[in-house]
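Here is the structure we will look at.
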Amino acid sequence: MKPTLTRLITAFVSVVALLTRAGITPEQVKNLPPPASHPVNFTKEIKPIFEASCIKCHGRGRDNGDFQIDSRETLLKGGGSGPAIIVGKSAESYLIELVMGFDPDNVMPQKGTKLTREQIGLLRAWIDQGAQWDAGVTFAKVEPINLKARRPEFPPGRNQNAHPIDRFVDAYFAAHKIKLPKAVDDRAFARRVYLDVIGLLPPPEELEKFVADKSKDKRAQLVQRLLADNENYAIHWMTFWNDMLRNDYRGTGYIDGGRKQITQWLYAALEKNQPYDQFVAELIDPKPESEGFTKGIVWRGVVNASQTPQMQAAQHISQVFMGVNLKCASCHDSFINDWTLADAYGLAGIYSDGPLEMVLCDKPTGKNAPLRFIYPQLGEIDPQADKPARLKKLAQLVTQRQDGRLTRTFVNRLWQEFFGRGLVEPVDEMENPAWNVDLLDWLAEDFADHGYDAKHTIEVMLTSRAYQLPAVAATEQTEKSFVFQGPVVRRMSAEQFRDAVTAVTGIGYATPAADLPLEGGKTGAKPARGTVVSPKWIWNDADAANKAKAGTVYLRKEFTLTELPTEAAVVLRCDNTFQLQVNGQRVGEGDVHTRSYVFDIRPRLKKGQNFIAVKAVNRLPGDVDPKEGEAVPGTENPAGFIFVARLRAGTNVMDFGSDSSWTWSHESADWNKPQVSAEKWKNAAVLGDVTISPWNVRANFTQQALAKTGYGEVRAALVAADSLQTALGRPNREQVVTVRASAATTLQTLELTNGEELARILGRGAEKILAEQNGASSSDLAKELYHKALGRNPTSGELSTAREILGQPAKKAGMEDLMWALAMLPEFQLIY
């Protein structure tokens, strides 16, 4: 291969510099500080100078100017300008010339504090005395920590049957003379674990049932039950992974095709609890469904070389899966760690379709870095292999059992999520030591031993006594001074806060921002939590979706309620018009067949036998109503009716939808009476599922309709960020975010006190609650809100204040004020 012009120029400049450097002049020699007069100790006196002033550019694998100080041999060898020192002749050594700064344009160190005359005197004496180098001292790239898998022994202790985590923590507490605190009570534990596993507040009924349970293992059972809630688990952990994988529903790159969602793939992986090694492999060596992560963002306009898609892939794989910061090394050899430009480009090149030239601070170098993973100790990648083969090999290297960094990084992230602070801090700097090395290593090995099962490791952490300790206030301790005493008090995430507000107000989001995987490999909007029915389009004629006679069809459904529901909403569509009655009482009507109608039927229901009656009309051409009871021939056009009833009483779900169990008749005499002549009524014909033509309704039409009237159950993690979530710290996901900022901001204060979005939610929630609890006393309303928001009864003082705020009877403004006051409490906003 012919050398490029850049290489030729670089070589020429080096030769010229070597030939033209004349050394120190006699006048300059006179200005040198004299050598130190005592025998110089390399380790105590010279090593600190090198570490403070030279190693950032010329050690730890760096070779700026082709010069390294990894060892005595590389120091004597020098760089592009010749030998750095001449043993026994400090006045003639180039190193002394450079640190003296005789040439203002070529003084070392280039950045930072210059050497003092005393330090230069020490260097001179060391060179004159033979430049001795103590055995074992090296400035070469150090062996990375937390990389090789290691299985520690359990610490000795009296209770060998204790929880594995607690055996390590007990020994740690004993070493630090910390008295073991008493575990939190059941209410605090339940709230903590609900929010940590599925991101939701515990429903009052479920919380009271848990508190009343006398089982010794009820906490472990609760953790297992929540982990088995695959849908809510997946939705909650979408937030965790969306932040890290830069996956969102709108924003930079989505408009012009320069970015790709992985929402469906991610949700499916979380819902089925895909083993983590497979999860990572499918992100590094992606399928079409998961390629959005390594594809990155194709930024519009001028960007520097450190932001190319290939470099983004290198940065993000290293950060997310290995706890390595390559961002600085993507532009130049890093000044904050030991990673070099060649390390970053070696990994980025694996994703490149052709040779990838290294660019130093936006200046092409004319060099290509050898293709390699950042930890070549784990294996090599054939640079001659094609891109698919390289990606496959990279995925194998990262996910192999010998890679202890992959497992340590992940369990450390989980620990940070649940305990508020990682075993290693910061969590993206896994070159730092853990505050309990054995605990970190045991968790990593146990994770791998159990097939990289994230839920297993979550269960292990959440069933430990360490997790159940009282929460402690966050402190400004450094890594060296930190002492673990229990979980740190944490703020709810933006998504958790918004879902908690939904639990209190009943006002959720309308529709998800992206379709999610459904059964059978299809995609669509997931049904609202707890929905158990799949309604059908029905009519009296099985061919009605194609053509049905104009006329009136009466439809009925009888059903039994063992208890009165506390929530009873129905959603329906009819082509063309309808009138709805429940138990013989008129509820509502509609004449727009493209609209979903929602009605609250709770006031019309009773315990025992109930019936729904519908007068459905297929109109004549021109939207003309046919005569009552008339079925007009020769006027065929599509007709259909679809219906969902969402009936709930606590955890009791009594939903039903339109199907073949409904009956129909053309007779109008008794269509809305409790009793009908059975011989005149026949079973309805099923036309098809929700999405059939000609209506082409989305599978989540029920969810959309309910949400718009205050019955929305779409979780905050599944929608694009609004002003409330943005203020509460949800990132735009244009950068990898592994830990959100914990400190409250002025923007959050303003949004929570004066924000339009929260005010709108509270206003709608007040209307909804007052409508549902018509006639309830202010005391009962206050108690219900306290249970939903805080999981407890109000104190006598709180109840008195709440009654005063609500008024008697309760007013909408008072209801809004009380819900706002509860949402502002630290007891509500914090995970304690």
>> Every residue in segment 413-427 that is open to solvent by 30 Å² or more (accessible area, probe 1.4 Å) and closer than 17 Å to ASN325 by Cβ, please.
In response: GLU425, PRO426
>> For segment 744-758, give me each residue that is under 27 Å from the mean Cα position of the chain (by Cα) and assigned to a helix (DSSP H, G or I).
In response: THR746, LEU747, GLN748, THR749, LEU750, GLU751, LEU752, THR753, GLU756, GLU757, LEU758
> How many residues does segment 374-412 hold that are assigned to a loop (DSSP other than H, G, I, E, B), surrounded by 15 or more Cβ atoms within 10 Å (Cβ to Cβ) and more than 26 Å from the chain's Cα centre (by Cα)?
Replying inline: 3
> Could you say whether any residue in segment 776-798 is over 30 Å from VAL298 (Cβ atoms), touching a residue at least 60 places away in the same chain (Cβ under 8 Å) and under 25 Å from the mean Cα position of the chain (by Cα)?
Replying inline: yes
>> Within segment 413-457, take every residue that is basic (Lys, Arg) and in a helix (DSSP H, G or I) and give me the one that is farthest from ASP229 (Cα to Cα).
In response: ARG413
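Let's see how each residue does on (1) assigned by TED's automatic domain parsing to the domain that holds ARG646; (2) surrounded by fewer than 16 Cβ atoms within 10 Å (Cβ to Cβ); (3) among the aromatic types (Phe, Trp, Tyr); (4) modelled with pLDDT under 90:
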residue	(1), (2), (3), (4)
VAL598	yes, no, no, yes
ILE601	yes, no, no, yes
LYS607	yes, yes, no, no
ALA613	yes, no, no, no
VAL617	yes, no, no, no
ASP623	yes, yes, no, yes
GLY634	yes, yes, no, yes
> When you go through (1) outside any loop (DSSP other than H, G, I, E, B); (2) at pLDDT 90 or above; (3) out of contact with any strand residue (DSSP E or B) (no Cβ under 8 Å at 6 or more places or on another chain) one by one for GLU679, which number turns out not to apply?
Replying inline: (2)
>> For segment 294-330, give me each residue that is closer than 19 Å to GLU429 by Cα and not in a helix (DSSP H, G or I).
In response: GLY323, VAL324, ASN325, LEU326, LYS327
> Hey, does segment 97-112 have a residue that's polar (S, T, N, Q), at pLDDT 90 or above, in contact with a helix residue (DSSP H, G or I) (Cβ under 8 Å, 6 or more places away or on another chain) and open to solvent by 30 Å² or more (accessible area, probe 1.4 Å)?
Replying inline: no
> Among (1) of a type outside the set (A, V, I, L, M, F, W, C); (2) within 30 Å of ASP66 (Cβ to Cβ); (3) open to solvent by 30 Å² or more (accessible area, probe 1.4 Å), where does SER334 come up short?
Replying inline: (3)
> Is it true that SER800 is of a type outside the set (Val, Ile, Thr) and exposed (fewer than 15 other Cβ atoms within 10 Å of the Cβ)?
Replying inline: yes
>> Looking at (1) in contact (Cβ under 8 Å) with a residue 40 or more places away in the chain; (2) out of contact with any His (no Cβ under 6 Å at 6 or more places or on another chain), which one does VAL592 not meet, given that it meets all the others?
In response: (1)
> So, in segment 198-217, of the ones that are assigned to a loop (DSSP other than H, G, I, E, B) and open to solvent by less than 60 Å² (accessible area, probe 1.4 Å), which residue ends up farthest from LEU822 (Cα to Cα)?
Replying inline: SER215
> Which ones in segment 99-125 are assigned to a helix (DSSP H, G or I) and small (Gly, Ala, Ser)?
Replying inline: GLY121, ALA125
> Could you list, in sequence order, the residues of segment 667-676 that are open to solvent by 70 Å² or more (accessible area, probe 1.4 Å) and touching a strand residue (DSSP E or B) at 6+ places or on another chain (Cβ under 8 Å)?
Replying inline: GLU667, PRO674
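For (1) of a type in the set (Lys, Arg); (2) over 45 Å from the mean Cα position of the chain (by Cα); (3) closer than 22 Å to ARG698 by Cα, each residue gets a yes or a no:
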residue: GLU567; (1), (2), (3): no, no, no
residue: VAL582; (1), (2), (3): no, no, no
residue: ARG595; (1), (2), (3): yes, no, yes
residue: ILE601; (1), (2), (3): no, no, no
residue: LYS607; (1), (2), (3): yes, no, no
residue: ALA613; (1), (2), (3): no, yes, no
residue: VAL644; (1), (2), (3): no, no, yes
residue: LEU647; (1), (2), (3): no, no, yes
> Yes or no: GLU495 open to solvent by 40 Å² or more (accessible area, probe 1.4 Å) and over 30 Å from PRO370 (Cβ atoms)?
Replying inline: no
>> Among (1) of a type in the set (S, T, N, Q); (2) open to solvent by 50 Å² or more (accessible area, probe 1.4 Å); (3) without any contact (Cβ under 8 Å) to a residue 40 or more places away in the chain, there is one condition ASN732 misses while meeting the rest; what is its number?
In response: (3)
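The values are calculated or read from the model by the stated rules, or taken from the named source; none is laboratory data. What you see is a predicted model; the values in this text were computed from it and never measured. Don't worry about glycine lacking a Cβ; one is built from the backbone with ideal geometry, like all the others, and counts go over all protein chains shown. Just the protein is used for accessible areas: all its heavy atoms, side chains included, with ligands, DNA and RNA removed. Shrake-Rupley method; radii C 1.70, N 1.55, O 1.52, S 1.80 Å.
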